[in-house]
Every structure is written in structure tokens, then in C-alpha cells.
Amino acid sequence: MREPETAAGATVRLAEHIVFRELPFCGVLLDTRRFTVHRLSRRASHVLRTALDPGTPNPYAPLLPDGDEETAERLRRQLLDRLESSGMVHRVAAGKAAGERA
């Protein structure tokens, strides 16, 4: 089976059974294997979107308070670690190009 294409520079990719969508008020992860929905906060949605596709604009920027970079990076690592441990995302090797197998 063919791996889904990954944007160049992405740090993670979604598992095949996970669908990510952003709504005006939050993000949603749909697990099609277990038929469960996981709601993400605006900040978590932004973290996941930028990990999947770096450089995308943040539609929630006016709504999110500015925090220090150290806290933002710690929260980013925690969210991605939790999603990876649950099998929803997979880390992408730094040297892999778009569409290459991990």
C-alpha cells in the first residue's frame, strides 16, 4: 500500500486511519478504525497543522494569547508525543522527501 504524501519539512504524518479537519472553533481528529472523534483546542489544532504542513498561516492567531517560546515548544512536544503514543501520528525522518517511504 502506498504511503500518503508528506509535505516537505513536515515533522509528522497522520496514521492511515486518522482524518484531521479544522473547524472555525476547534480541530477534530476522526479515528475511522475505532469510530471515535477527538476534539482539539485551537492551540492544539494549530500545533498539529504546522507539524503536518509547516508554514501554513494560523487562522486562530487573533484569538490565541502570545506566550513565551519555551512554553509553546514544550506544549508542542507534549501534544505530538501523546498523539504518537496513541498511534494517531507517525514521526517523519528529517531527511525524507515528500512521498518517500518512512
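Quick note: the coordinates plus some simple rules give every number you see, no bench work behind them. As the structure is a computational prediction, the values presented were derived from the model and not from experiment. All Cβ positions, even for glycine, are placed from backbone atoms using ideal geometry, and neighbour counts span all protein chains on display.
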Residues whose built amide H sits under 5 Å from the amide H of residue 92, excluding neighbours closer than 5 in sequence, are 12, 13
In the neighbourhood of residue 88 defined by beta carbon distances under 10 Å, the net charge of the other residues (Lys, Arg +1; Asp, Glu -1) is -1
